[in-house]
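Scroll down for the structure; my scribbles are underneath it.
None of the figures in this text is laboratory data; all of them are computed from the coordinates on show. Keep in mind that what you see is a predicted model, and the values were worked out from it rather than measured. FYI the Cβ positions are ideal-geometry reconstructions off the backbone, even for glycines, and counts take in every protein chain you see.
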Amino acid sequence: MTTKQSYELAKQQYEKWGVNVDAILEQLKNIPISIHCWQGDDVAGFEVNKGELSGGIDVTGNYPGKARTPDELRSDLEKALSLIPGKHRLNLHAIYAETNGEAVERDQLEPKHFENWVNWAKEQELHGLDFNPTLFSHEKAGDGLTLSHPNEEIREFWIRHCIASRKIAEYFGKELGTPCLTNVWIPDGYKDIPSDRLTPRQRLKESLDKVFAVEIDEQYNIDAVESKLFGIGSEAYVVGSHEFYMGYALKNNKLCLLDTGHYHPTETVSNKISSMLMFSDKVALHVSRPVRWDSDHVVILDDELREIALEIVRNDAADKVMIGLDFFDASINRVAAWTIGTRNMIKALLYAMLTPNAYLKQLQEDGNFTERLVLMEEFKTYPFGAIWDYYCEQAGVPVKETWLEEVKQYEKEVLAKR
């Protein structure tokens, strides 16, 4: 049976529930995923005076073939993008600047240091670029404090870096015709119980106020702030907690970015999305997979990923939730990691779009919890895979696991020679 024939049979089963499968596939094409560049080089970046990875972040594994140059990283990204259906975005960190061998401090970065990325994005016809100031892996973040540092000189350095990053993002937005999401995450915190939780947060607020005092049109740049529960070296206290950033974002008309690994293991981001959307026009996501802690494992099609997608789709929020990825695994082929994670995010969205959400909502309103549970469970084994295979085929990317052969060939011809 051909992929098309399997699709037609599967479509009939969904259409019994009023699901317009053809229309859904057209809609899915228009949902971009912001793919993070840092999976390809283990969050190393290309600074001339490159420091060790810090900030409560850890990358484990030594799989061969890590990208060592911008051109190698772009080549690896091109291979991954060729295996992923749809038109997507790329998420960059400031440490991926190209300075032609010149040591440029982070607070002196300019749009010209990212011209190659913009030109490449245009060549690849990407949906756009997103950006992140890099407030880790630097001597001025050596004690784990940046925007909340008690030393004013150090705080001002990081303030200048964040302002420079927002101006770079503005450049991205103007060049590519779609606003750049600029996300501020800092590692600030303490390993042991602090004697003062308030003062560092006051300093962080003052620093952010200075960063955002520089006005940039949201036509080109959208600001976001990202919380964290704890990190390596900041187990007892993180300055930028969820409550801090949620309050700051709501009060200052910024986006609150929810990272799926940045909460207590019993919390789920899927349960937060609807609440956030009640008070914010948009919400940003970093989709990762925490295994007992913020371990940034490659995204798999697990219950939480499906639930995140369902919350986005059933609440008509595809244009309100900006979806980005954030994982880094150096124990497996890095191109495969990008492909697995991104394809799974898209699969989850498709799964959610194929669910008869309006009917299920009405069952809940009617108090018919028996039928609600029955259908929610039965739809888990509907022929979703046949729809996905057809979507991939129509997009011109490999169907099922056949994409792995291309990755193996790329590893043999390119990665293994590095």
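Compute the distance from the alpha-carbon center of the range 191-226 to that of the range 2-66, in whole Å.
Between the Cα centre of the range 191-226 and that of the range 2-66, the gap is 30 Å.
Can you tally the net charge around residue 294? Count Lys and Arg as +1, Asp and Glu as -1, for every other residue whose Cβ sits under 11 Å from the Cβ of residue 294.
After counting each charged neighbour, the total is -1.
Could you work out how far apart the two model spin labels at residue 63 and residue 235 are, taking each label as a point 7 Å from the Cα in the direction of the beta carbon, and quote it in nm?
2.9 nm
Can you list residues whose amide H is under 5 Å from residue 34's amide H, if they're 5+ apart or on another chain and H is modeled 1.01 Å from N?
Answer set, sorted by chain and number: 89, 323, 324, 325.
Tell me, what is the FRET efficiency for residue 243 and residue 2 to the nearest 0.05, using R0 = 41 angstrom and their Cβ-Cβ distance as r?
The pair residue 243/residue 2 has a calculated efficiency of 0.15.
Could you work out how much longer the chain between residue 303 and residue 315 gets when fully extended? Use 0.36 nm per residue separation minus the Cα distance between them, nm to one decimal.
That works out to 2.5 nm of additional length.
Considering only the other residues whose Cβ falls under 13 Å of the Cβ of residue 400, what net charge follows from Lys and Arg at +1 and Asp and Glu at -1?
Summing Lys/Arg as +1 and Asp/Glu as -1 gives -3.
May I ask for the distance between the Cα centers of the range 325-341 and the range 359-418, given as a whole number of Å?
If we compute the Cα centre of each part, the gap is 18 Å.
Count the net charge of all other residues whose Cβ sits under 10 Å from the Cβ of residue 259, scoring Lys and Arg as +1 and Asp and Glu as -1.
Its environment carries a net charge of -3.
Hey, what number do you get for the chain at 222 nm if only DSSP H runs of n ≥ 4 count, each worth -39500 (n - 2.57), divided across all residues, to the nearest 500?
That comes out to -13500 deg cm²/dmol.
Please list, in chain and number order, the residues 5+ apart from residue 184 or on another chain whose amide H is under 5 Å from its amide H, with Hs placed from the backbone.
Correct list: 224, 225, 226.
For residue 413 and residue 27 in the same chain, what is the full-extension length gain: residue separation times 0.36 nm, less their Cα-Cα distance, in nm?
Extending this stretch completely gives an extra 135.3 nm.
Using DSSP loop states and a limit of at most 15 other Cβ atoms within 10 Å to flag chymotrypsin sites (Phe, Trp or Tyr not before Pro), what is the longest stretch of the chain containing no flagged site?
18-292
How far apart, in nm, are two points set 7 Å out from the Cα along the Cα-to-Cβ line at residue 399 and at residue 206?
Simple spin-label model gives 6.3 nm for this pair.
Give me the distance in nm between label points sitting 7 Å out from Cα along the Cα-to-Cβ direction at residue 103 and residue 193, one decimal.
4.3 nm
Over the chain, with a Gaussian network built from C-alpha contacts below 10 Å, which listed residue (402, 381, 342) shows the highest mean-square fluctuation?
Highest fluctuation of the listed residues: 381.
Give me 266, 60 ranked fewest to most by other Cβ atoms within 10 Å of their Cβ, as a rough exposure proxy.
266, 60
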